[in-house]
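Step one of this worksheet: look at the structure below.
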């Protein structure tokens, strides 16, 4: 008796079952390969912090943070951190007085200055000496941080500590060259973390994502011209979100501008060199200086370079230097300012961010401290106020501490009794709570 023909529907069902079986078999084989590779090559099955530049460690959310319980020498000074990963001698936040947390970059961290010279320590000491309300002023600064990282740090790590006041000094690194802006990078990392949460059980997924992965490369992949960490608009957006979060949690906030060093010539990036004609005129001026030619001859070459291109930092900067030698102080000051505003170099672009922050804080009714103005009005020279192109010296840290203390004194006088604080620094989950609104 001839076999009965298989119907078309049954053939399709058999094909589908065979395909599904082949896919499942392939997945099982790949999972076994992943399992073997993960164990053979020691691929981590969960995020493991790695040391970072001698003072920090990698972090899946903030990209890098200070290493907790650190005690070593970095940048020529002793650096000690507490168990919360803050450069502060206290392992736990005081519960008997208001706590002021200062967010920021290497200036707030205290780059190349001793712990007792940091502006947070200076501010706390001045508040105690003035006999006003006592307060603990804590540094949460991390070298290299931008306003976006400060925003994420505040949301994920600082708000659970329930501070009374937060001060933010974070416009130093906004215009650093990046291959990807901070917000775009943050979105990519958020999507990756979501996939890790869904597929992290798979050894093959771990092999694909963590085998070739190096977190250290995720924020500095071949910086390109024209892309910065945060544009001026993105900087305003970051500060706006931070201020909104603070107000929603009844935390008062202070914003500080980055102090600027006018007379320091930064290193040029390969992609940001002067135009050829400008470079030639500047070379002639430099050669004239080496040959001992009169300043007027050097000045003629530099002025020609500036006329050729008014948007080059180096021309205005050298013009200001020559005007200073001639005693033309007003002209020199004008050229130094033009140098800062004209150049694309991060140090020269900072005034744009400072002005934008000042205008934004005024519109949002947020206290704003213009450190650039305070530094200029101090009467001290640049080399007395700064250690290098941007990091304040102990004298500069003293000025910042005085500015913070001046702003904090009236704020603390109307601050309600400090609240009980959670010391769980590692968690990002915030429990709802009810409390009276703090006077502003």
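Does at least one position in the stretch 117-135 carry a residue that is touching a strand residue (DSSP E or B) at 6+ places or on another chain (Cβ under 6 Å), modelled with pLDDT under 95 and either assigned to a helix (DSSP H, G or I) or closer than 21 Å to residue 247 by Cα (or both)? Checked the stretch 117-135: at least one residue is touching a strand residue (DSSP E or B) at 6+ places or on another chain (Cβ under 6 Å), modelled with pLDDT under 95 and either assigned to a helix (DSSP H, G or I) or closer than 21 Å to residue 247 by Cα (or both). Kindly indicate the residue of the stretch 303-358 that is buried (at least 17 other Cβ atoms within 10 Å of the Cβ) and assigned to a loop (DSSP other than H, G, I, E, B) and also modelled with the highest pLDDT among those meeting that condition. Looking at the filtered set, the residue picked out is 312.
Considering each residue of the stretch 43-51 in turn, none proves to be surrounded by fewer than 10 Cβ atoms within 10 Å (Cβ to Cβ), within 30 Å of residue 158 (Cβ to Cβ) and at pLDDT 80 or above. Evaluated against (1) part of a strand (DSSP E or B); (2) over 17 Å from residue 253 (Cβ atoms), residue 179 falls short on exactly one condition, (1). For the stretch 129-155, a residue qualifies if it is farther than 18 Å from residue 176 by Cα and under 15 Å from the mean Cα position of the chain (by Cα), and the qualifying residues are 139, 140, 152, 153, 154, 155.
Restricting attention to the stretch 371-409, the residues that are part of a helix (DSSP H, G or I), free of Cβ contacts under 8 Å to residues at least 24 places away in the same chain and either in contact with a helix residue (DSSP H, G or I) (Cβ under 8 Å, 6 or more places away or on another chain) or not assigned by TED's automatic domain parsing to the domain that holds residue 168 (or both) add up to 2.
Tell me, please, whether a residue that is modelled with pLDDT of 75 or more, out of contact with any helix residue (DSSP H, G or I) (no Cβ under 8 Å at 6 or more places or on another chain) and not assigned by TED's automatic domain parsing to the domain that holds residue 239 can be found in the stretch 159-170. Looking for residues that are modelled with pLDDT of 75 or more, out of contact with any helix residue (DSSP H, G or I) (no Cβ under 8 Å at 6 or more places or on another chain) and not assigned by TED's automatic domain parsing to the domain that holds residue 239, one finds none in the stretch 159-170, hence no. Considering the stretch 78-99, and only residues there that are touching a helix residue (DSSP H, G or I) at 6+ places or on another chain (Cβ under 9 Å) and exposed (fewer than 14 other Cβ atoms within 10 Å of the Cβ), the residue that is farthest from residue 137 (Cα to Cα) turns out to be 78.
The values are calculated or read from the model by the stated rules, or taken from the named source; none is laboratory data. Keep in mind it's a predicted model, so treat the numbers as computed, not measured. Every residue, glycine among them, receives a Cβ derived from its backbone with ideal geometry; neighbour counts consider all protein chains shown.
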